[in-house]
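Worksheet for the structure shown next.
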Amino acid sequence: MPSLVGSEMCIRDSDDVRVLGWRAVPADFSARFSCGVREYRYYFDATGLDLEAMADAAQRLRGEHDFRNFCKMDVLTQQSFVRSMRECYIEEAGEVAGRQVYAFNVKGRAFLWHQVRCMVAVLFLIGEGHEEAGIIDEMLDVARNPRKPQYKMAREAALVLYECFFDDGDLDW
C-alpha cells in the first residue's frame, strides 16, 4: 500500500501493489468524470452508538434529493445540489484490535463537496442520541430548511473511496 512521505509518494515494497488489469484509454478519458458510479465507505467504531437509529437514518438518504444541507457549500461553481444515492446502509466491516468496526456504505453517480463526511456527521449525531432519525427528512426538505444547519464534519481519515464503476463499453479490460 502506498504511503505518503512528505509530499512524495513511495512504495514500501513490491508486494503491496498489484496490477490486476489494464486498458489503454482515449486521450479524453477522465477517471473522475468518466466514472459512472462511485462507492464510498466510512469506517467507525460503534461503541456507544445506536446502530438501529443510524441504519434507519441511512436508509432515508437513498434516492434523489437536494443534498445542499449535507455538503460544504460551493455556490460559485455548483449549479445543482440534487444527487441520487443508489445505496446507503451500515454494515459490520470486521474486527480491529478486538473491537467491531462498522462501515457506512454509500453508492451514487456523483457527490457534492464533503457530502459523505457531512452525512456521516449527522448519522453520528443520531447514533449518539442528540438527534432523531427524522432529522434526515427535515434536512432533505430544503423548502422548509433552506439554510444548512451548523455541525462539524466527520473526520476525513476514516473515509475511503472504495470502488469506481465504469460502463463496460468505456473500458474493456
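The values are calculated or read from the model by the stated rules, or taken from the named source; none is laboratory data. Everything numeric in this text was worked out from a predicted model, so none of it was measured. No Cβ is skipped: glycine too gets one built from the backbone with ideal geometry, and neighbour counts run over all protein chains shown. Each accessible area value is taken on the protein alone, full model and side chains, heavy atoms only, with ligands, DNA and RNA left out. Shrake-Rupley method; radii C 1.70, N 1.55, O 1.52, S 1.80 Å.
Look at the stretch 77-94: where a residue is over 7 Å from Arg62 (Cα atoms) and a partner is among the polar types (S, T, N, Q) and assigned to a strand (DSSP E or B), sitting 6+ places away or on another chain with Cβ atoms under 7 Å, you get Tyr89/Asn105; Glu91/Asn105; Glu92/Gln100.
Any residue at all in the stretch 97-116 that is polar (S, T, N, Q) and without any contact (Cβ under 8 Å) to a residue 40 or more places away in the chain? No, the stretch 97-116 has no match at all. Name the residue, out of Val96, Val160, that is hydrophobic (A, V, I, L, M, F, W, C) and closer than 30 Å to Trp22 by Cβ. Testing whether each residue is hydrophobic (A, V, I, L, M, F, W, C) and closer than 30 Å to Trp22 by Cβ leaves just Val160.
Search the stretch 20-64 for residues being of a type in the set (A, V, I, L, M, F, W, C) and open to solvent by 70 Å² or more (accessible area, probe 1.4 Å), and hand back the single one that is farthest from the chain's Cα centre (by Cα). Outline the logic, then answer.
Quick first cut of the stretch 20-64, residues of a type in the set (A, V, I, L, M, F, W, C) only: 20, 22, 24-25, 27, 29, 31, 33, 35, 37, 44, 46, 49, 51, 53-55, 57-58, 61.
Next, only the ones that are open to solvent by 70 Å² or more (accessible area, probe 1.4 Å) stay: 20, 22, 27, 33.
On the way: Leu20: 25, Trp22: 26, Ala27: 28, Phe33: 17 Å.
Going through the qualifying residues, I end up with Ala27.
Being charged (D, E, K, R) and modelled with pLDDT under 95 is the filter; apply it to the stretch 69-116 and report the residue that is least open to solvent (accessible area, probe 1.4 Å).
Quick first cut of the stretch 69-116, residues charged (D, E, K, R) only: 72, 74, 83, 86-87, 91-92, 95, 99, 107, 109.
Imposing the further condition that a residue be modelled with pLDDT under 95 reduces the set to 72, 74, 95, 99, 109.
On the way: Lys72: 91, Asp74: 53, Glu95: 132, Arg99: 133, Arg109: 134 Å².
Restricting to residues being charged (D, E, K, R) and modelled with pLDDT under 95, the top hit is Asp74.
Give the residues of the stretch 16-60 that are touching a Phe, Trp or Tyr at 6+ places or on another chain (Cβ under 9 Å) and in a loop (DSSP other than H, G, I, E, B), sorted by residue number. Leu20, Gly21, Trp22, Arg23, Ala31, Ser34, Cys35, Gly36, Ala46, Leu49 - these are the residues of the stretch 16-60 that are touching a Phe, Trp or Tyr at 6+ places or on another chain (Cβ under 9 Å) and in a loop (DSSP other than H, G, I, E, B). A Cβ distance below 6 Å, combined with a sequence gap of six or more or placement on separate chains, defines the contacts here; from the stretch 134-152, residues that are among the β-branched types (Val, Ile, Thr) reach residues that are open to solvent by 40 Å² or more (accessible area, probe 1.4 Å) and not in a loop (DSSP other than H, G, I, E, B) in the pairs Ile136/Arg60; Val142/Arg68.
Within the stretch 79-123, the set of residues being touching an Asp or Glu at 6+ places or on another chain (Cβ under 9 Å) and among the β-branched types (Val, Ile, Thr) comprises Val82, Val96, Val101, Val106, Val122.
Which ranges mark the strands (runs of 3 or more DSSP E) fully within the stretch 61-160 that have 3 or more residues being over 21 Å from Cys35 (Cβ atoms)? Lay out the reasoning, then the answer.
Numbers: elements: 63-66, 82-96, 99-108.
Here the list reads 82-96, 99-108.
For the stretch 109-160, what are the residues that are of a type in the set (D, E, K, R) and within 11 Å of the chain's Cα centre (by Cα)? Can you show your working first?
Of all residues in the stretch 109-160, those of a type in the set (D, E, K, R) come to 109, 117, 128, 131-132, 137-138, 141, 144, 147-148, 152, 155-156.
Listed by number, the residues that qualify are Arg117, Glu156.
The one condition from (1) modelled with pLDDT under 95; (2) surrounded by fewer than 14 Cβ atoms within 10 Å (Cβ to Cβ) that Tyr162 does not meet is (2).
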